[in-house]
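The values are calculated or read from the model by the stated rules, or taken from the named source; none is laboratory data. Just so you know, these numbers come straight off a predicted model, no measurement behind them. Note that we place each Cβ from the backbone using ideal geometry, even for glycine, and neighbour counts take in every protein chain shown. Accessible surface areas use protein heavy atoms only, side chains included; no ligands, DNA or RNA. Shrake-Rupley method; radii C 1.70, N 1.55, O 1.52, S 1.80 Å.
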Amino acid sequence: MSDTIETTTPAAAPERRRDLAQFIVVAFLVVVATILVVDASGLRNDFAETDPVGPKFFPWFVAGALYLTAALLSIAILRGSIPEEEGGEDIDLTQRADWLTVAQLVAVFVFLIATVDLLGWAISGALFFAGCSLTLGSRTWLRDLVIGTALSVGSFYAFYVALGVPLPAGILDGIL
């Protein structure tokens, strides 16, 4: 009887695949960041006394974030990180497009454009929100109108107070 010892070599670790096509996204991020840096370099800060941050800060901040994202994505690609395939959305592709809903949304948007100067942002925005909600299936028109009013009046003051951008007040001029 022979004593044979079977030696097994450990299975070689599976070779990681690298999805090099993801470097297209990296290149896109680098190009956009570079465009931001080059474009922001030409900005002048004529209000240095009142604006210590200056107009270059935000584009350079975004460019830095894009460069960092590109670097981290490159590292992930080189390490073999491959995104999972998307399982698809929970939709029925055999259904036809609901063009009536699209037309109604377009009509509500055209209504907003046509009435924002006359009625003002607060009223037109509230009606726009409620109209979109009703078009998309909501059946609580009063709640939609209340939420739309809160959003439109809130955004009216947010633009006016925080950004200094006056939105049309329309018939509520002097009240808002």
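One line per residue, one yes/no per condition, for (1) modelled with pLDDT under 95; (2) surrounded by 15 or more Cβ atoms within 10 Å (Cβ to Cβ); (3) under 24 Å from the mean Cα position of the chain (by Cα); (4) part of a loop (DSSP other than H, G, I, E, B):
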site: Val146; (1), (2), (3), (4): no, no, no, no
site: Ala150; (1), (2), (3), (4): no, no, yes, no
site: Ala158; (1), (2), (3), (4): yes, no, yes, no
site: Val165; (1), (2), (3), (4): yes, no, yes, yes
site: Pro168; (1), (2), (3), (4): yes, yes, no, yes
site: Ile171; (1), (2), (3), (4): yes, no, no, no
site: Ile175; (1), (2), (3), (4): yes, no, no, yes
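Would you mind stating whether Ala122 is in contact (Cβ under 8 Å) with a residue 40 or more places away in the chain and open to solvent by less than 40 Å² (accessible area, probe 1.4 Å)? Spell out the reasoning first.
Details: in contact (Cβ under 8 Å) with a residue 40 or more places away in the chain: yes; open to solvent by less than 40 Å² (accessible area, probe 1.4 Å): yes.
It is true that Ala122 is in contact (Cβ under 8 Å) with a residue 40 or more places away in the chain and open to solvent by less than 40 Å² (accessible area, probe 1.4 Å).
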